[in-house]
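Trainee: Dropping the structure in here first, questions after.
The values are calculated or read from the model by the stated rules, or taken from the named source; none is laboratory data. None of these values were measured; they are calculated from a predicted model. A quick note on method: Cβ atoms are made from the backbone with ideal geometry, for glycine too, and the neighbour counts reach across all protein chains shown. Each accessible area value is taken on the protein alone, full model and side chains, heavy atoms only, with ligands, DNA and RNA left out. Shrake-Rupley method; radii C 1.70, N 1.55, O 1.52, S 1.80 Å.
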Amino acid sequence: MGAIVFAVLAIAALYWFVVRRWFGRWGATTSDLTRVMACDAAVVDPTYSATLAITVGARPEYIWPWLVQMGYQRGGLYSYDWLDRLFGYLDRPSADSILPDFQSLAVGDEIRIGRGQGFPVTAVEPYRALVLSGTGDGFAWAWQFGLYSLDHKRTRLVSRNLVRVRSSVGSWLFMRVIEPAAFLMTRRMLLGLRERAEALAAARSDRPSHAA
């Protein structure tokens, strides 16, 4: 019995101090973790914070169109589509092309994730930042995307999730259950955005130029 208890405690410690830490900062550099993003102040003293990042081999203008068209009955979420469709977050596969009808996004708009209420758009800086955030009864959250140019061909794409929930055992347990799922889906989303942005940049660079 003692060996079993020790093994359980060791696994729990490994998850809490190593795996969970990795979930919350996958791909992120020290600069990504410490940089101030557009709406960090929207969630004071978050009970959950995750900053995930990836380098995209394309300029911001090749990433931005995919971000602004995301959502249910729009461009999708670029993650594990079969899971998103299974749980009703999407009604079709994520788009592999730019959708002209969904390229306009402004503060006050909503991006729907599934059939329910949409995620409010609270900040838009074209080619730089997109923020979805909201508040509820004892609940505040923000999902931020930042685009940071590294040079003329590469961009740092950063996703930051901040959540504050009321102090209760139920809320604490709920967030612990959500964390792994949020990590898996967001990580795949960043990879999906990178794939699409790099393909778009390559396709447009291959277009022949025509003299006026």
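Trainee: For region 122-137, state whether one or more residues are of a type outside the set (V, I, T), modelled with pLDDT under 95 and crowded, with 21+ Cβ neighbours inside 10 Å.
Mentor: No; the residues of region 122-137 include none that is of a type outside the set (V, I, T), modelled with pLDDT under 95 and crowded, with 21+ Cβ neighbours inside 10 Å.
Trainee: Okay, next question. Out of the residues in region 26-42 meeting the condition of being among the hydroxyl-bearing types (S, T, Y) and outside any loop (DSSP other than H, G, I, E, B), tell me which one is least open to solvent (accessible area, probe 1.4 Å).
Mentor: S31
Trainee: Shifting gears a bit: Mind listing whichever residues of region 138-171 are closer than 22 Å to G57 by Cβ and open to solvent by 30 Å² or more (accessible area, probe 1.4 Å)?
Mentor: Y148, S149, L150, D151, H152, K153, R154
Trainee: Return the pair list, or none, for Cβ contacts closer than 6 Å from residues in region 42-68 that are aromatic (F, W, Y) to residues that are open to solvent by 20 Å² or more (accessible area, probe 1.4 Å) and not in a strand (DSSP E or B), at least 6 apart or on different chains.
Mentor: Y62/L200; W64/Y127; W66/R196
Trainee: How many of the residues making up region 106-121 are at pLDDT 95 or above, among the hydrophobic types (A, V, I, L, M, F, W, C) and in a loop (DSSP other than H, G, I, E, B)?
Mentor: 2
Trainee: Looking only at region 43-93, count how many residues are charged (D, E, K, R), closer than 22 Å to A181 by Cβ and assigned to a helix (DSSP H, G or I).
Mentor: The number of residues fulfilling the criteria is 3.
Trainee: Moving on to the next point. Is it the case that Y72 is among the hydroxyl-bearing types (S, T, Y), touching a residue at least 24 places away in the same chain (Cβ under 8 Å), open to solvent by less than 20 Å² (accessible area, probe 1.4 Å) and over 27 Å from R154 (Cα atoms)?
Mentor: Yes, satisfied.
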